[in-house]
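**Student:** Quick one: this structure, given as structure tokens, is what I'll be asking you about.
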Amino acid sequence: TSAAIILLGGSVATVVVWKWLGKKMIQKKMEEARRSRDEGLKKMAKAVQQFREQVPRVQTDAILSLPLLGLAGRLHEGSLSPRTVLYTYIEKALEVNQQTNCLRHFIPECEEQLQEIQQQKEKGLLYGIPVSIKDHISHKGHLSTCGLVQCLDTRMEDSVLVKVLKRQGAIPFAMTNVPQSLFSYDCSNPIFGQTLNPFNHKKSPGGSSGGEGALIAGGGSILGIGSDVAGSIRLPSSFCGLCGLKPTAERLRWVLGVWHIYLLNVDICSHPTPVPCALGPMARDVDSLALCMKALLCEEMFQLDPSVPPIPFNGEVYCSSTPLRVGYYDTDGYFPLPPCMRRVVKETRNALQAAGHQMVPFSPPRIPYVMTELFLKTFFADGGRAWLDVFTGGIVDPSLKPQVNSCKIPRLVKKLLALLLKPLVSSLPSGRDQEMISTCRSVKEMWNHHHQMQVYRSEFITRWKELHLDVVLCPVLGPAFTTGYPGKLLTAISSTMLYNVLNFPAGVVPVSTVTEADEEELRLYQGCCDDSWDRTLKEAVSGAVGMPVAVQCVALPWQEELCLRFMKEVETLSREK
């Protein structure tokens, strides 16, 4: 007996020591990654200093104030050199990063790309334009970390999108920070820390393309590439006052060199997901998004990835001035947004009507069902087990702990809790009390889930067609949340999530800012039930006077040009106020 006790004690001690060593190794990896990042920043600062010594008279403010179309024109005509523009933006990016911690890494090979484009026979549409890219979009020789320790060992090759950017003359120069595992609309991870909103450092820049949002809004990049599976382009654009487009997912295919986000599990990723990830541009104005899409939808893209439909950008649709038939709504009936977000939808609706567009009330069907039974069930079909596996050594960012803890609760316990709490939450809209409970327990259930996604898409398109709509105007989540709050309100993303489930192109346009009157009205805000979700949302968005407020513009699949044309109309009208 004593021998058995000694043996058991020795085994326990071995496990404890093994875990301790594992955590030490993880900490060392994280420290090395941070050190590498800091050394890269110092090298770029030194390169900027050397450039300044060689070219002392650079009109920095004039360059940074140019819109993308103006900058592209100056570069093409030769009145500005790509080298001057690159180092001007690197210098500004360093400054913005000091304030917001938005950069994951500079791309030192940008200096090689600078030499490469000067040898190209023809100047591409993005000739000499510095471009920032989200962490998980692969660039040759660099990590795509997704804020995860397990991704700190693998160097990547250029993704198709990066190859096309380079062939169009763009210069990828920086990779931006993301939340851990990308499954968050905050922007924090245990390796590189929390990214802050450049307009208010108490606020989040949004996520998961939050580093892009902060860098572009702060003036450190003129064009960025993000990704979106639930609002990850549109939410940072809303929080940071940018224009951002989530295309139809297959319009810019993200495979071949881009980490699959959110689950990062080879067995899972080899199977199709009914809610696809979309890559898309983020910038300061709609014309910039249109130029980027025109540049990317080129012969090189179609040749490098034959699975991308060979549909070039239709400039005639984008430049059209034909009056539109616009569906609109200011609430989806699931998660009521703050007063300022509904205000700007109404103001934009009135401006569009005054400009000659036909406005038609529209109500998206069954959003509680979509959120719980379609969207959440897609990502947590296994109860979240695959997602939990990505957190090596149990290192979890505080912003993700509410979701992680929820996934760790056994299915049976969740069911019992739901039954016990049902009398207390009977007044809630269907779905708000069931976060992450729904799972697929068999292959048959999974196939049925995929089928129900298609049924819902057909139902939505039928309603759209019955009203003869061209586009839809609707709200987007905002204004910017205080850091740490996005993790407490996963289901608040219903406004953006819907168009990932549908796989419709959707974009965000800033149209106003939070006023003192908005803040006063927020004090009276009760949401739909004045429950803990509504009270938490109220806390999250308070103290946002002066922060950007945006609307969302939507079109049918494959109609990115029409979506952008509508966004441009909204942008123009908002600037005429």
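**Student:** Regarding L235, is this residue surrounded by fewer than 24 Cβ atoms within 10 Å (Cβ to Cβ), at pLDDT 95 or above and of a type in the set (A, V, I, L, M)?
**Tutor:** Criteria not met by L235.
**Student:** Among all residue pairs at least 6 apart or on different chains, which show Cβ distances below 6 Å where the first residue, located in the stretch 543-565, is over 16 Å from G327 (Cα atoms) and in a loop (DSSP other than H, G, I, E, B) and the second is at pLDDT 95 or above and small (G, A, S)?
**Tutor:** M547/A480
**Student:** Moving to a separate point now. Find the residue count for the stretch 450-479, including only residues that are open to solvent by less than 10 Å² (accessible area, probe 1.4 Å) and not hydrophobic (A, V, I, L, M, F, W, C).
**Tutor:** Qualifying residue count, the stretch 450-479: 4.
**Student:** Which condition breaks for V501 when tested against (1) at pLDDT 95 or above; (2) touching a Gly at 6+ places or on another chain (Cβ under 8 Å); (3) under 15 Å from L376 (Cβ atoms)?
**Tutor:** (2)
**Student:** It is to be established whether one or more residues within the stretch 277-284 are modelled with pLDDT of 95 or more, open to solvent by 30 Å² or more (accessible area, probe 1.4 Å) and either touching a helix residue (DSSP H, G or I) at 6+ places or on another chain (Cβ under 8 Å) or at positive phi (or both).
**Tutor:** For the stretch 277-284, residues modelled with pLDDT of 95 or more, open to solvent by 30 Å² or more (accessible area, probe 1.4 Å) and either touching a helix residue (DSSP H, G or I) at 6+ places or on another chain (Cβ under 8 Å) or at positive phi (or both): present.
**Student:** Moving on. Report, by residue number, each residue of the stretch 474-485 that is assigned to a strand (DSSP E or B) and either more than 27 Å from N200 (Cβ to Cβ) or of a type in the set (S, T, N, Q) (or both).
**Tutor:** T482
**Student:** Of these, Y329, Y318, which one is in contact (Cβ under 8 Å) with a residue 24 or more places away in the chain, open to solvent by less than 40 Å² (accessible area, probe 1.4 Å), of a type in the set (F, W, Y) and touching a Pro at 6+ places or on another chain (Cβ under 9 Å)?
**Tutor:** Y329
**Student:** Please count how many residues of the stretch 83-104 are within 17 Å of G128 (Cβ to Cβ) and open to solvent by 40 Å² or more (accessible area, probe 1.4 Å).
**Tutor:** 3
**Student:** Would you please name the residue that is surrounded by the fewest Cβ atoms within 10 Å (Cβ to Cβ), looking only at residues in the stretch 379-397 that are at pLDDT 85 or above and within 18 Å of T145 (Cβ to Cβ)?
**Tutor:** Looking at residues that are at pLDDT 85 or above and within 18 Å of T145 (Cβ to Cβ), I get D389.
**Student:** I would also like to ask the following. Exactly one of (1) open to solvent by 10 Å² or more (accessible area, probe 1.4 Å); (2) free of Cβ contacts under 8 Å to residues at least 60 places away in the same chain is unmet by A540. Its number?
**Tutor:** (1)
**Student:** Could I ask something else about it? With the structure loaded, tell me whether L80 is in a helix (DSSP H, G or I) and either among the hydrophobic types (A, V, I, L, M, F, W, C) or open to solvent by less than 30 Å² (accessible area, probe 1.4 Å) (or both) or whether it fails that test.
**Tutor:** When the stated conditions are applied, L80 does not pass them.
**Student:** Another question, if that's okay. The conditions are (1) outside any helix (DSSP H, G or I); (2) closer than 21 Å to E91 by Cβ, and L215 fails exactly one of them. Which is it?
**Tutor:** (1)
**Student:** A further question on this structure: What is the one condition in (1) among the hydroxyl-bearing types (S, T, Y); (2) closer than 22 Å to V275 by Cβ; (3) at pLDDT 90 or above that T348 does not satisfy?
**Tutor:** Against the list (1) among the hydroxyl-bearing types (S, T, Y); (2) closer than 22 Å to V275 by Cβ; (3) at pLDDT 90 or above, T348 comes up short only on (2).
**Student:** Suppose we filter the stretch 33-55 for residues that are within 18 Å of D135 (Cβ to Cβ) and either touching a residue at least 12 places away in the same chain (Cβ under 8 Å) or polar (S, T, N, Q) (or both); how many remain?
**Tutor:** Looking only at that region, the number is 7.
**Student:** Are any of the residues in the stretch 515-527 modelled with pLDDT of 95 or more, under 25 Å from the mean Cα position of the chain (by Cα) and of a type in the set (G, A, S)?
**Tutor:** no
For every residue, the table says whether it meets (1) modelled with pLDDT under 95; (2) more than 29 Å from D285 (Cβ to Cβ).
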position: E39; (1), (2): no, yes
position: K46; (1), (2): no, yes
position: E53; (1), (2): no, yes
position: P56; (1), (2): yes, yes
position: I63; (1), (2): no, no
position: P67; (1), (2): no, no
position: G70; (1), (2): no, no
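**Student:** Also, I was wondering about something else. Which is out of contact with any strand residue (DSSP E or B) (no Cβ under 9 Å at 6 or more places or on another chain) and either modelled with pLDDT under 95 or buried (at least 19 other Cβ atoms within 10 Å of the Cβ) (or both), of Q113, Q119?
**Tutor:** Exactly one of Q113, Q119 is out of contact with any strand residue (DSSP E or B) (no Cβ under 9 Å at 6 or more places or on another chain) and either modelled with pLDDT under 95 or buried (at least 19 other Cβ atoms within 10 Å of the Cβ) (or both), namely Q119.
The values are calculated or read from the model by the stated rules, or taken from the named source; none is laboratory data. These numbers were taken from a predicted model, which means no experiment stands behind them. For neighbour counting, all protein chains shown are included, and Cβ atoms are generated from backbone atoms with ideal geometry for every residue, glycine included. Side chains are part of the model used for accessible areas, which takes the heavy atoms of the whole protein and leaves out ligands, DNA and RNA. Shrake-Rupley method; radii C 1.70, N 1.55, O 1.52, S 1.80 Å.
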